[in-house]
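Down below is the structure, laid out as structure tokens.
The values are calculated or read from the model by the stated rules, or taken from the named source; none is laboratory data. Note that this is a predicted model, so its numbers are computed, not measured. Every residue, glycine among them, receives a Cβ derived from its backbone with ideal geometry; neighbour counts consider all protein chains shown. Heads up: the accessible areas ignore ligands, DNA and RNA and are worked out on the full protein's heavy atoms, side chains in. Shrake-Rupley method; radii C 1.70, N 1.55, O 1.52, S 1.80 Å.
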Amino acid sequence: MTRHLHSDHPHLPTTAQLVKATGAALSAAAILLTTVVLPAEYGIDPTGLGKRLGLTALSAKPANDPVPPTAPAATGLDPNFSLDSSPLTATWRSPTPFRSDTLTLTLQPDEGAEIKASMQAGERFVFSWKTHGGLVNFDMHGEKPNASPDAFSSYWKDRNKAEGHGAFVAPFDGSHGWYWRNRGDKPVTITVQTSGYYKKLYRP
């Protein structure tokens, strides 16, 4: 008796169909790899389609990739810098109170005279002096306490001037100021103004 066998799974694909479907899937994957993945991820574009689709731009690195600066380069400070442990040097402190003074002297023809400030090393002031009636020669200088008459340090000297302005920091303890001389034939009056940190402004 002939027995007809019927398949329990009549809808399963045949081996030939499986091979065909697998081949189609592999072909599609290869196409995607060539046209999409390689251009977008690695910048490899063998077909040129990736460039036309703008995919190669995705793999390009920025022209100027910013590099995060380290803390010392960004701030200019030591990484261990602390405001608590390192006071700022922009502040100058003085035990001497602030003061302002104005002194006037008159020089006869061929006469010389001085105005000085008594200062400690590091003290400072701003100054301005002007003449009335003529020009003078001057020497801004300083002497240490009990120094001999010829032992002095000259800071600024000039001839035939009607004024002088600036700032001064005492390099050592002592007296610091100006000597003016009238080389003209008429009296000249000089007015000096100072403001800053020093013991006193006086005429020797």
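Which one of these does ASP45 not meet: (1) exposed (fewer than 12 other Cβ atoms within 10 Å of the Cβ); (2) at pLDDT below 95; (3) touching a Pro at 6+ places or on another chain (Cβ under 7 Å)? Evaluating ASP45 over (1) exposed (fewer than 12 other Cβ atoms within 10 Å of the Cβ); (2) at pLDDT below 95; (3) touching a Pro at 6+ places or on another chain (Cβ under 7 Å) leaves (1) as the failure.
Conditions (1) surrounded by 14 or more Cβ atoms within 10 Å (Cβ to Cβ); (2) basic (Lys, Arg); (3) without any contact (Cβ under 8 Å) to a residue 24 or more places away in the chain; (4) farther than 12 Å from VAL192 by Cβ, marked per residue:
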residue: SER100; (1), (2), (3), (4): no, no, no, no
residue: LEU105; (1), (2), (3), (4): yes, no, no, no
residue: GLN108; (1), (2), (3), (4): no, no, no, yes
residue: GLU114; (1), (2), (3), (4): yes, no, no, no
residue: HIS165; (1), (2), (3), (4): no, no, no, no
residue: TRP178; (1), (2), (3), (4): yes, no, no, no
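Residues that are at positive phi and not in a strand (DSSP E or B) were ranked within the stretch 125-163; the one that is most open to solvent (accessible area, probe 1.4 Å) is ASN146. Would you mind stating whether PRO171 is on the phi < 0 side of the Ramachandran plot, surrounded by fewer than 20 Cβ atoms within 10 Å (Cβ to Cβ), at pLDDT below 95 and not in a strand (DSSP E or B)? The answer is no for PRO171.
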